[in-house]
Amino acid sequence: MSHFDFPACRDSPLQDAPHLAAALGIGSLALKRDDLLPFAGGGTKCRKLAGLVERLAQTPADTLLLSGGATSNQVRIIAAVASQTMRACEVVLNAGPDSAAADFARLFGAVVHALPGADAWALNAAIRSRLKALSAEGRAPLVVPAASAADLPCYDEAIAEIVRADADVIVVAAGSGATSAGFLLGLDRHLAHCRLLAVSVDRPAAELRTVITRLLASSGIAADGTDMPRIMQRLDVEDRFIGAGYGVPSAASHRAVELAARSEGVLLEPVYTGKALAALASIAAEGGIARNARVIFWHTGGVPYLASSLAQLRS
Amino acid sequence: MTRNVWQGRHGDSGDVTDSIEARTRAFIRETFPVASGDVGSDESLLGSGIIDSIGVLTLVTWLEQEFAITVADEDVVPENLDTLARIIAFVERKSAAGS
């Protein structure tokens, strides 16, 4: 039995944001503060920890193995879980050894393998190599994927927390696609009229849609059945705010971080939530959000990474 | 159960290729449900989202067991594994070389 209550990583505050709403020209805006979830600096990824720790307890795994990028919330949080559950952790990063994710992973005691610029194939080969090496040493490694159908129920259940707000639109940053896929399941069950605006932070819209479809299919939604079109039709994907790429702040995301800080005293960061808010601001300015729409901006966390961006904001 | 692709076959190389393709197609369809439709022979499996990054590991492990080949770390590259056509050619090369 873990001494930290991982199921406590839910029921985050829903905060009215009238000043930010006014700045964006939106009638009603609330912030779902998953950044305040109580583990390893918070973030929506914390919601999957209860299920992960439960699954871990049923395996002999003694080493968690995962890959990620320079500002990966998954890397920070899983490294922390490994530390808290007394397991080893190894992280393969497609970023340098001095990246923020590498720093946090090492802080939690993980071993970092830095492969700057590595593509998905190189990361896979490195993960496989470490799997074999660890197994040869008699260890029991377990690969933790960035996105898994097993994670979807926790994001599905998160939607139940905002049913009373009766939102018309939820805005969320989308990387692995798992949060968006889970939210779509929750919307299908709880908020039939609400749309999901997924703001891609690293891949073209069509690819993100396919990834979300794959995750839904893996969760048991038939890819060629009638449920999939109904669930997917409420999804809008925005990919114009990726900027120079995953993990790279943009001028628009820096402006969005400043806007949230100066209007509501809320910290965002410029590579996930900052890009999502930049997208919302742009779409609202284009008239893409009805004046009377009730909007929820889902703060997915990542605030610990803001510190490394403050110097850029200053300039 | 581990089987060698060459074991128990008496047809020509076209039969072998068909067998590799049919078995790999079936595996992908069963393991990665989004591929319930037909997967094109030259369609990028990773790029099109049919399989994810962890799915590559699953695919490689299955190829090793199903066709009794050994996949080295340096073999895990898109030139060998990113499309059905490349997978078939890769398995044929590995099998012919005795892995």
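Here are the numbers for this structure:
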{"item": "Only one of A:ARG10, A:ARG55 that is in contact (Cβ under 8 Å) with a residue 40 or more places away in the chain, outside any helix (DSSP H, G or I), open to solvent by 10 Å² or more (accessible area, probe 1.4 Å) and among the basic types (Lys, Arg)", "result": "A:ARG10"}
{"item": "Leading residue by the ranking (nearest to A:PRO270 (Cα to Cα)) among those in the range A:108-133 that are surrounded by fewer than 18 Cβ atoms within 10 Å (Cβ to Cβ) and touching a residue at least 24 places away in the same chain (Cβ under 8 Å)", "result": "A:ASP119"}
{"item": "Filter result for A:GLY220 (outside any helix (DSSP H, G or I), more than 9 Å from chain B (Cβ to nearest Cβ) and not hydroxyl-bearing (Ser, Thr, Tyr))", "result": "no"}
{"item": "Of the criteria (1) touching a residue at least 24 places away in the same chain (Cβ under 8 Å); (2) within 14 Å of another protein chain (Cβ to nearest Cβ), which one A:ALA100 fails", "result": "(2)"}
{"item": "Failed item, numbered, when A:ALA17 is tested on (1) in contact with a Pro (Cβ under 9 Å, 6 or more places away or on another chain); (2) closer than 30 Å to A:ALA290 by Cβ; (3) surrounded by 18 or more Cβ atoms within 10 Å (Cβ to Cβ)", "result": "(1)"}
{"item": "Residue among A:GLY41, A:GLY68 that is within 14 Å of another protein chain (Cβ to nearest Cβ) and under 24 Å from A:GLY274 (Cα atoms)", "result": "A:GLY68"}
{"item": "Looking only at the range A:58-97, and only at residues there that are under 22 Å from A:ASP5 (Cβ atoms) and without any contact (Cβ under 8 Å) to a residue 40 or more places away in the chain, the one that is nearest to the chain's Cα centre (by Cα)", "result": "A:ILE77"}
{"item": "Top-ranked residue in the range A:103-114 [being part of a helix (DSSP H, G or I) and either under 21 Å from A:VAL248 (Cα atoms) or under 20 Å from the mean Cα position of the chain (by Cα) (or both); ranked as nearest to the other protein chains (Cβ to nearest Cβ)]", "result": "A:ALA105"}
{"item": "Subset tally (residues that are part of a loop (DSSP other than H, G, I, E, B) and surrounded by 15 or more Cβ atoms within 10 Å (Cβ to Cβ)) for the range A:231-255", "result": "10"}
{"item": "Matching residues in the range A:186-203 - criterion: being small (Gly, Ala, Ser) and over 14 Å from the mean Cα position of the chain (by Cα)", "result": "A:GLY186, A:ALA192"}
{"item": "Whichever residue in the range A:115-151 is among the small types (Gly, Ala, Ser) and in a loop (DSSP other than H, G, I, E, B) and, among such residues, is farthest from the other protein chains (Cβ to nearest Cβ)", "result": "A:GLY138"}
{"item": "Qualifying residues in the range A:274-315 (those that are more than 23 Å from A:LEU184 (Cα to Cα) and part of a loop (DSSP other than H, G, I, E, B)) - the one most open to solvent (accessible area, probe 1.4 Å)", "result": "A:ARG291"}
{"item": "Residues (touching a residue at least 60 places away in the same chain (Cβ under 8 Å) and closer than 14 Å to A:ALA95 by Cβ) located in the range A:237-248", "result": "A:TYR246, A:GLY247"}
{"item": "Per-region count, the range A:186-230, residues crowded, with 20+ Cβ neighbours inside 10 Å and under 23 Å from A:ARG164 (Cα atoms)", "result": "7"}
{"item": "When residues of the range A:157-178 are limited to those that are in a loop (DSSP other than H, G, I, E, B) and over 15 Å from the mean Cα position of the chain (by Cα), the one farthest from A:SER200 (Cα to Cα)", "result": "A:ASP166"}
{"item": "Whichever residue in the range B:38-93 is among the polar types (S, T, N, Q), within 14 Å of chain A (Cβ to nearest Cβ) and assigned to a loop (DSSP other than H, G, I, E, B) and, among such residues, is least open to solvent (accessible area, probe 1.4 Å)", "result": "B:THR83"}
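The values are calculated or read from the model by the stated rules, or taken from the named source; none is laboratory data. Being a predicted model, the structure only gives us computed values, none of them experimental. Glycine gets a Cβ as well: all are built from the backbone with ideal geometry, and neighbour counts include every protein chain shown. Remember, those area values only see protein heavy atoms, side chains included, never the ligands or the DNA or RNA. Shrake-Rupley method; radii C 1.70, N 1.55, O 1.52, S 1.80 Å.
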